[in-house]
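Visitor: Can you keep this structure in mind? I'll have questions shortly.
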Amino acid sequence: MSAIITLSLLAILVLYLGLFKARNALLPVSLLGLVSTLVLFVIQWEGQAVPLYSGMVLFDHYAIAFSVLCVLLTILVLLLSKNYFDAGSTHIAEYYALILFSLTGALLVTSFHNLAMLFIGIEIMSVALYILAGIRKKDFASNEAALKYFLMGAFSTGFLLFGVALLYGASGSFDLAEIKDYVVSNPQAVSPLFYGGILLLLVGLAFKVGAAPFHFWAPDVYDGAPILITTFMITVVKTAAFAGFLRLFYFCFVPLQDFWMPALLVMTVVTLFIGNITALVQSSFKRMLAYSSISHAGYMLFAIVAVGPSSSEAVLIYAAAYSLASVVAFGTLILVKRATGSDHFEAFNGLAKKNPYLSLALTVAMLSLAGIPLTAGFIGKFMMFSGVLADYQILLVVLAVLNAAIGIFYYFRVIVAMYFRPLDRDQLVVNGYYKTVLVVAILATLLLGIYPAWITGLV
Amino acid sequence: MDNLFILLLLPVLGAIALAFVKQAKAARQLALLVSLVSLGLTIPFLSGFVPDDSIQFEQQFAWIPALGIHFHIGIDGISLPLVLLTNGLVPLIILSAFSYDYKGGFYALVLFMQAGLLLVFTALDAFAFYVGWEIALIPIYFICALWGGENRIRVNLKFFIYTFLGSLLMLIAIIYLHLQVPSGDYELTSFYQLALDSSTQRWIFWAFFLAFAIKMPIFPFHTWQPDTYTEAPTAGTMLLAGIMLKMGVYGLIRWLIPVAPLGFAAYGHLALVLCIIGVVYGSIIAFKQQDVKRLVAYSSIAHVGLIGAGIFAWNVQGVQGAMIQMVNHGISVVGLFFVLDIVTRRLGTREMSDMGGIAKAAPALAILFLVIVMGAVGLPLTNGFVGEFLLLMGIYQYGIWYSVFGGLTLILGAVYLLRMYQKVMLGDANAKTSDFADVRGTEWLVLAIIAVLVIGIGIYPKPLLHISEAAVTELIGKVSLINN
């Protein structure tokens, strides 16, 4: 809990730094604060996990592991932000503060122990993001993204809140433990209100994670928002949303699996295909990543389909793998776009000749997204497939495998552009911050892929 | 020095070092050195190997213990010939690339692939096998797509997706089998002991079969092969045809049939028929080719079809024939592709009609090429004869008509390969071929080594056959026991 308080205070401090025009202090202070948050989490690991503040939050291993992942990813994103918003913007402090606020919300979503807290967490996370998506005030696409995100977000929050209300009506409590007791004590006599609540929560959370058929906001928002904000959304926010999704369903709704599983199965399959097939026809690298993020949401839904003790580990590894690769992909995209002004695949032509190491990093990231062995993405997919196969959902895995093969087409397009389509171009300048982020992300991807034993068995 | 970890790790370390070498000359020398050391390190395994049915030189460590995954490797009579083949051919392939100005990256990919191949041939854990299977694919994709011909981007993407899809199906089967194992591991021996019901084994059979059939390739999963072989740079073609397709053949013997014996009982016949169709089909199309590289690519379909048929006949002669023919085919095909590379590079064309009369200007090449062609045709006293004889004998025991059609490889092979030899080497010289420079230096060395191997194995194949005999006999006994 001290971590959450630290983070909130940090965000306010950063706002004040902005007031005093201490621009150069923003990044170091934010990083320092995030690192101390990390330390606080790590210290908490050994302690006894008890619900805090009248059962509002519970920092068990699950929550801490996901929180640490979110904080680490935020650090990477902040490192990439050095100089990103400098040109023509005076709201840099707000940018840092909003990211930190959003992160605070994300941590609450991973650690909630009360449905009210889930709702508040999602709102803190999202409201900050509505602003962030539109932080480029004069950019039309950015404005559109912000408005779309806000409207659809508010809409989905309605579903979520209605679902929470129905659950409360049936069980008489917001507390996860009590709701669980209500379900477990008499699964046959669960009120119809409760079933309605589950469905509404399913819809609301599917909106938040960008799963089909509630995904329509995602491509436009991811495409329109500034690249760094998209990175933050696709990594930290998605990880937190999935952590919350799984936590709720694993904790409370497992006995009623027969009821919600068919709906979830359909959603999963549709998400996989829509994300993949639409990604196939994109000519913009950024938009391709946006659609591929939908298909990855489909793979991550596997963990909820196969809900069980090993699900949390699978989601953790998958989210880490996906996020690390995304950070590399978007980081490279920022550099390429800065140099060429375009985010199309053609903008990558001939990159390998001039920037061999940058190209190698992006290649590893793409291989990880495609799920090739020795990268983290493979271990993630492997665990997802294992989980679902343990439930004998062989057909679902076969469909997923088809999608994985389709994925090769669009992930390899950028590799093909970089290596096999020669073009005379200038060398991209990669500053120290970017180098650090790329090296860290790639090493972590390979480490997770080659020797994942250090992270398995953690949660 | 008989530590398998070292054998697997050396090419990886070599690859990492080579990735930073920018000069072509230094790169090729370092690459050759690493591959020769690998070959040297193989010798203790060969000399220390006891030719019985046991698994030797085992190594393992707990890789991902939480998921029951162990990095478990070892060598038995079935894997040793393939390890030898891999480590023996890689130096030759590297030597054959000396005429090109490849930088460190190229050789790094070759060595990285070597590590993947070795892992496939030594893995005793299904997860490790799968990882090796995939990491052999990535380098060859880049080798073919970076240094290949005109259509390389489209052709190689097709190749990659085709094989990737096949291997993912295999991954499903592997995970499924793992979930049935009581001890919760991925060990080969645990998979062998599973006695799953017939309907389960049937789909397991197909999941594995598709992965292996695409890799080999068996008709009708071969459509990626001619284009990929033709568009690839010669070193890539050699890796693909010489070593990589043996991954599929090895998979049939090691994984497919023993793991799903009831599936094999149900569909083995169909698989054998597909293989025989491949023999006839590959031979006929090879006969129609004008492009020499394409011709050898199709001939490879025919030869591999016969090897596959020998395995699906599942008797000692057939499988032993397959074992030795895998080695022979690797040697011959590398030799053939290298000769064609020399010829096409000097003449600037792959069309047979533009060639002819080279023998006069290049007598050394003519003799060496003749020996290699004879080996590929399967003339007595060459290596090809031993293998094809055993294969046909094995297939004959399965059914006489299959061996009749399978035997067509010998006849048709002689027809199209000798026709190729005639058109390329003999006849009247044209303007280009009349001053054809003969082979010398590394070119001569590579071809001479291959020719010696072709004749050496042809005259005295016993040591090679002896390596795998006990292991093959035991495996066949085990599986037919289940089937009865």
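The values are calculated or read from the model by the stated rules, or taken from the named source; none is laboratory data. These numbers come from a predicted model, not from an experiment. Neighbour counts are summed over all protein chains in view; Cβ atoms, including those assigned to glycine, are modelled from backbone coordinates with ideal geometry.
Visitor: For region A:199-210, give me each residue that is of a type in the set (Gly, Ala, Ser) and modelled with pLDDT of 90 or more.
Guide: The initial filter retains those residues of region A:199-210 that are of a type in the set (Gly, Ala, Ser), namely A:204, A:206, A:210.
Once the filter is applied, which keeps residues that are of a type in the set (Gly, Ala, Ser) and modelled with pLDDT of 90 or more, region A:199-210 yields A:204, A:206.
Visitor: Does residue B:219 satisfy the criteria of being within 12 Å of another protein chain (Cβ to nearest Cβ), at negative phi and aromatic (Phe, Trp, Tyr)?
Guide: Judged against the criteria, residue B:219 is not a match.
Visitor: In this structure, does residue B:200 turn out to be surrounded by fewer than 20 Cβ atoms within 10 Å (Cβ to Cβ) and away from every other protein chain (no Cβ under 11 Å)?
Guide: Details: surrounded by fewer than 20 Cβ atoms within 10 Å (Cβ to Cβ): yes; away from every other protein chain (no Cβ under 11 Å): no.
Taking the combined requirement at face value, the residue does not satisfy it.
Visitor: Just to be sure, is residue A:458 in contact with a His (Cβ under 8 Å, 6 or more places away or on another chain), within 11 Å of chain B (Cβ to nearest Cβ) and of a type outside the set (Gly, Ala, Ser)?
Guide: yes
Visitor: Next question. When you scan region B:32-54, how many residues do you find that are under 18 Å from residue B:6 (Cβ atoms) and in contact (Cβ under 8 Å) with a residue 40 or more places away in the chain?
Guide: The number of residues fulfilling the criteria is 11.
Visitor: On to the next question. Quick check on region B:179-194: of everything there that is touching a Gly at 6+ places or on another chain (Cβ under 7 Å) and under 19 Å from residue B:74 (Cβ atoms), which residue is nearest to the other protein chains (Cβ to nearest Cβ)?
Guide: Pass one, region B:179-194, residues touching a Gly at 6+ places or on another chain (Cβ under 7 Å): B:184-186.
Cutting the leftovers down to under 19 Å from residue B:74 (Cβ atoms) gives us B:185-186.
On the way: B:185: 13, B:186: 11 Å.
Filtering first and then ranking leaves B:186.
Visitor: Right, another one. With the condition kept exactly as written, say whether any residue in region B:159-174 is within 14 Å of another protein chain (Cβ to nearest Cβ), under 28 Å from residue A:417 (Cβ atoms), touching a Phe, Trp or Tyr at 6+ places or on another chain (Cβ under 8 Å) and polar (S, T, N, Q).
Guide: Yes, the conditions are met somewhere in region B:159-174.
Visitor: Go through (1) without any contact (Cβ under 8 Å) to a residue 40 or more places away in the chain; (2) touching a strand residue (DSSP E or B) at 6+ places or on another chain (Cβ under 9 Å) one by one and return the number of the condition residue A:150 breaks.
Guide: (2)
Visitor: So, in region A:364-398, exactly how many residues are within 11 Å of chain B (Cβ to nearest Cβ) and part of a helix (DSSP H, G or I)?
Guide: 20
Visitor: Keeping to region B:408-456, report how many residues are modelled with pLDDT of 85 or more and in a helix (DSSP H, G or I).
Guide: 30
Visitor: Would you check if there is a residue in region A:3-10 being under 13 Å from residue A:100 (Cα atoms), assigned to a helix (DSSP H, G or I) and of a type outside the set (A, V, I, L, M, F, W, C)?
Guide: Taking every residue of region A:3-10 in turn, at least one turns out to be under 13 Å from residue A:100 (Cα atoms), assigned to a helix (DSSP H, G or I) and of a type outside the set (A, V, I, L, M, F, W, C).
Visitor: Please enumerate the residues belonging to region A:314-343 that are at pLDDT below 90 and either within 21 Å of residue A:74 (Cα to Cα) or not in a helix (DSSP H, G or I) (or both).
Guide: A:341, A:342, A:343
Visitor: List the number of the failed condition for residue A:281; all other conditions in (1) farther than 16 Å from residue A:222 by Cβ; (2) in contact (Cβ under 8 Å) with a residue 40 or more places away in the chain hold.
Guide: Here residue A:281 meets the rest and fails (2).
Visitor: Would you please name the residue that is surrounded by the fewest Cβ atoms within 10 Å (Cβ to Cβ), looking only at residues in region B:81-137 that are more than 13 Å from every other protein chain (Cβ to nearest Cβ) and not in a helix (DSSP H, G or I)?
Guide: By that ranking, first place goes to B:101.
Visitor: I would also like to ask the following. Against the definition (facing chain B (nearest Cβ under 10 Å), of a type in the set (Gly, Ala, Ser) and not in a loop (DSSP other than H, G, I, E, B)), how does residue A:441 come out, yes or no?
Guide: Details: facing chain B (nearest Cβ under 10 Å): no; of a type in the set (Gly, Ala, Ser): yes; not in a loop (DSSP other than H, G, I, E, B): yes.
Criteria not met by residue A:441.
Visitor: Against the definition (part of a helix (DSSP H, G or I), within 14 Å of another protein chain (Cβ to nearest Cβ), among the hydrophobic types (A, V, I, L, M, F, W, C) and more than 18 Å from residue B:119 (Cα to Cα)), how does residue B:66 come out, yes or no?
Guide: Values: part of a helix (DSSP H, G or I): yes; within 14 Å of another protein chain (Cβ to nearest Cβ): yes; among the hydrophobic types (A, V, I, L, M, F, W, C): yes; more than 18 Å from residue B:119 (Cα to Cα): yes.
Spelling it out, residue B:66 is indeed part of a helix (DSSP H, G or I), within 14 Å of another protein chain (Cβ to nearest Cβ), among the hydrophobic types (A, V, I, L, M, F, W, C) and more than 18 Å from residue B:119 (Cα to Cα).
Visitor: Quick one: which of B:457, B:476 is touching a helix residue (DSSP H, G or I) at 6+ places or on another chain (Cβ under 7 Å) and surrounded by fewer than 20 Cβ atoms within 10 Å (Cβ to Cβ)? I'd like the intermediate steps shown before the answer.
Guide: Numbers: B:457 fails: surrounded by fewer than 20 Cβ atoms within 10 Å (Cβ to Cβ).
Testing whether each residue is touching a helix residue (DSSP H, G or I) at 6+ places or on another chain (Cβ under 7 Å) and surrounded by fewer than 20 Cβ atoms within 10 Å (Cβ to Cβ) leaves just B:476.
Visitor: In region A:260-282, what count of residues is obtained for those that are surrounded by 23 or more Cβ atoms within 10 Å (Cβ to Cβ) and of a type in the set (S, T, N, Q)?
Guide: At the first step, the residues of region A:260-282 found to be surrounded by 23 or more Cβ atoms within 10 Å (Cβ to Cβ) are A:267-268, A:271-272, A:275-276, A:279.
This time we only want the ones that are of a type in the set (S, T, N, Q), so: A:268, A:271, A:276.
Total satisfying the criteria: 3.
Visitor: Against the conditions (1) within 27 Å of the chain's Cα centre (by Cα); (2) not in a helix (DSSP H, G or I), where does residue B:405 fall short? Just the number, please.
Guide: Of everything listed in (1) within 27 Å of the chain's Cα centre (by Cα); (2) not in a helix (DSSP H, G or I), residue B:405 misses just condition (2).
Visitor: Would you check if residue A:213 is assigned by TED's automatic domain parsing to the domain that holds residue A:186, outside any helix (DSSP H, G or I) and surrounded by fewer than 24 Cβ atoms within 10 Å (Cβ to Cβ)?
Guide: Spelling it out, residue A:213 is indeed assigned by TED's automatic domain parsing to the domain that holds residue A:186, outside any helix (DSSP H, G or I) and surrounded by fewer than 24 Cβ atoms within 10 Å (Cβ to Cβ).
Visitor: Out of all the residues in region A:399-427, which are closer than 15 Å to residue A:366 by Cβ, within 23 Å of the chain's Cα centre (by Cα) and more than 9 Å from chain B (Cβ to nearest Cβ)?
Guide: A:407, A:410, A:411, A:414
Visitor: Of the numbered conditions (1) within 26 Å of the chain's Cα centre (by Cα); (2) not in a helix (DSSP H, G or I), residue B:182 satisfies every one except a single condition; which is it?
Guide: (1)
Visitor: Please count how many residues of region B:385-402 are under 23 Å from the mean Cα position of the chain (by Cα) and either closer than 20 Å to residue B:218 by Cβ or without any contact (Cβ under 8 Å) to a residue 40 or more places away in the chain (or both).
Guide: 7
Visitor: Quick check on my filter: what residues within region B:1-42 are in a helix (DSSP H, G or I) and polar (S, T, N, Q)?
Guide: Of everything in region B:1-42, those that are in a helix (DSSP H, G or I) and polar (S, T, N, Q) turn out to be B:29, B:35, B:38, B:42.
Visitor: Still on this model: Restricting to region A:381-435, and then to whatever is under 21 Å from residue B:67 (Cα atoms) and hydroxyl-bearing (Ser, Thr, Tyr), can you tell me which residue is modelled with the lowest pLDDT?
Guide: Among residues in region A:381-435 that are under 21 Å from residue B:67 (Cα atoms) and hydroxyl-bearing (Ser, Thr, Tyr), the one modelled with the lowest pLDDT is A:392.
Visitor: Pairs only if they're at least six apart or on different chains, beta carbon under 8 angstrom, first in region A:236-252 and without any contact (Cβ under 8 Å) to a residue 60 or more places away in the chain, second aromatic (Phe, Trp, Tyr); list them, first residue then second.
Guide: Listed pairs, sorted by first residue: A:249/A:260.
Visitor: For residue B:143, indicate whether it is at pLDDT 90 or above, within 13 Å of chain A (Cβ to nearest Cβ) and in contact with a Leu (Cβ under 8 Å, 6 or more places away or on another chain).
Guide: Here the answer is yes, as residue B:143 does meet what is asked.
Visitor: Among the residues that make up region B:296-309, is at least one of them touching an Asp or Glu at 6+ places or on another chain (Cβ under 7 Å) and among the polar types (S, T, N, Q)?
Guide: No: zero hits.
Visitor: So which residues in region B:392-430 are among the hydroxyl-bearing types (Ser, Thr, Tyr) and over 15 Å from residue B:282 (Cβ atoms)?
Guide: Across region B:392-430, the qualifying residues are B:396, B:398, B:402, B:403, B:421.
Visitor: Output the qualifying pairs, or none if there are none: Cβ atoms under 7 angstrom, residues six or more apart or on different chains, first residue in region B:409-434 and at negative phi, second residue among the aromatic types (Phe, Trp, Tyr) and modelled with pLDDT of 85 or more.
Guide: B:412/B:287; B:415/B:287; B:416/B:287; B:421/B:369; B:425/B:369
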